[in-house]
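Working notes, structure below.
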Amino acid sequence: MRSFRDFMEERVRHYYTSGGPKIGPEGDFFTAPELDRSFGRAVAEFLLPFLREFERPTLLEIGAGRGLMARDILEYIKERDRDLFGRTTYLICEISESLKRVQEKVLEGFPVLWTEELVPIEGVILSNEFFDTLPVHVVKEGRELHVGDSGEEVWIDIRDPRIKEFLRRMGYEDIDQRIEVCLDCIDFLRKIAESLIRGYHLLIDYGYTSEEITRFPEGTVLGYKKHKVRDDIYSGQMDLSAHVNFSALVEYGKDFGLETVFLQTQREFLTGIPGFLEELQGLSFDGSPEAVERLSRMKTLLISMGDRFKVLFQRKGL
Ligand SMILES: C[S@@+](CC[C@H](N)C(=O)[O-])C[C@H]1O[C@@H](n2cnc3c(N)ncnc32)[C@H](O)[C@@H]1O
């Protein structure tokens with residue numbers, strides 16, 4: 001028997017380090033950069049003024065999937081500001097060897113390097129749909145979920161003092177439902193803060209705030225396979241994920257010197273970026289099949305993903 005957290009960690013690690021397509025039409029799920037290039041371009045447009053603050057900025061992306069966001073960001077910077085492009089380094093921290101090989105192909109000719117771990121940088125650390133892969137402890141009424149050898153659920157009194165402290169600090173002690181405690185998210189946030197000598201942290205993912213937690217009485221852990229949500233998470237190979245608790249990242253970020261600049265929905269974020277809505281409008285006047293297809297994908301970024309996904313922007317040492 002092991003904790004649900006250990007079970008999830010093992011499953012996710014195995015999922016991402018084994019071969020076979022994961023993301024995109026052949027894989028198990030789509031992400032925003034896979035939907036349309038306007039996503040990465042909007043992120044780049046947002047980041048331009050912040051990158052210009054540095055002599056030699058580094059963009060460090062964690063969990064870059066097939067490398068499409070990196071490609072769209074770098075292409076955009078190259079188009080808009082050649083001088084900045086010449087001074088920028090893009091680093092990728094990626095656990096999956098097979099995805100890394102895809103990234104190397106997609107990003108050929110761009111100034112990209114790969115790193116095994118987070119190294120000290122000045123610039124921006126960013127991720128899209130990475131934090132949701134980190135394992136969570138699942139607790140309810142003072143007990144923690146464990147998984148038995150035959151995949152049965154077993155509840156045992158919470159022993160880890162960090163979980164108790166988390167519930168107290170976040171004000172969740174009296175909430176009578178499944179609550180997910182992502183200590184790994186907090187540990188990763190600490191690593192990000194330590195790696196940022198001076199700069200910004202941009203985190204995009206699906207998730208909730210403390211005010212929204214009661215919308216998920218059964219928790220948020222999901223299994224994905226071939227673009228379908230699966231209930232049988234204890235059997236078979238599939239991608240497991242949990243929604244990100246953004247309130248916890250705002251709160252614990254303070255301990256690590258990360259000041260939250262804003263937390264917005266993806267819809268608010270994208271519609272606030274110069275050019276995004278104009279591009280959407282332009283496509284709606286263009287009747288070509290490609291334009292209609294892109295219009296529908298951009299609408300997905302704003303509508304079905306727009307409120308489920310959030311954008312957290314933090315800064316350190318500035
Ligand atoms: C859900 S995918 C998102 C991919 C990409 N950001 C996108 O939006 O298409 C999660 C990514 O995180 C990577 N990953 C998972 N755990 C990781 C870890 N501990 N360190 C670095 N990358 C990791 C996976 O291999 C994958 O590239």
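Only one entry of 3, 96, 18 meets the criterion of being near the ligand (Cβ under 9 Å from one of its atoms) and closer than 30 Å to residue 146 by Cα, and that entry is 96. If you go through region 22-49 and keep only what is within 12 Å of the ligand (Cβ to nearest atom) and at pLDDT below 90, you end up with 22, 23, 24, 27, 28, 29, 30.
Taken as a whole, region 63-82 holds no residue that is away from the ligand (no atom under 16 Å from the Cβ), modelled with pLDDT under 95 and part of a loop (DSSP other than H, G, I, E, B). Of all residues in region 87-101, count the ones that are modelled with pLDDT of 95 or more and of a type in the set (A, V, I, L, M). Count: 2.
Per-residue answers, yes or no, for (1) among the charged types (D, E, K, R); (2) part of a strand (DSSP E or B); (3) at pLDDT below 95:
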| position | (1), (2), (3) |
| --- | --- |
| 151 | no, no, yes |
| 165 | yes, no, no |
| 188 | no, no, no |
| 200 | no, yes, no |
| 203 | no, yes, no |
| 212 | yes, no, no |
| 223 | no, yes, yes |
| 253 | no, no, no |
| 260 | no, yes, no |
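Meeting the requirement of 3 or more residues that are touching a residue at least 12 places away in the same chain (Cβ under 8 Å) and more than 26 Å from residue 246 (Cα to Cα), the strands (runs of 3 or more DSSP E) wholly within region 95-142 are 112-115. When 236, 257 are checked against the criterion of being under 20 Å from residue 127 (Cβ atoms) and of a type in the set (Gly, Ala, Ser), a single residue qualifies: 257.
Residues that are farther than 17 Å from residue 76 by Cα and either touching a strand residue (DSSP E or B) at 6+ places or on another chain (Cβ under 9 Å) or in a loop (DSSP other than H, G, I, E, B) (or both) within region 272-286 comprise 272, 286, listed in sequence order.
The values are calculated or read from the model by the stated rules, or taken from the named source; none is laboratory data. Just so you know, these numbers come straight off a predicted model, no measurement behind them. When we count neighbours, we look across all protein chains shown, and the Cβ atoms used for this are built from the backbone with ideal geometry, even at glycine.
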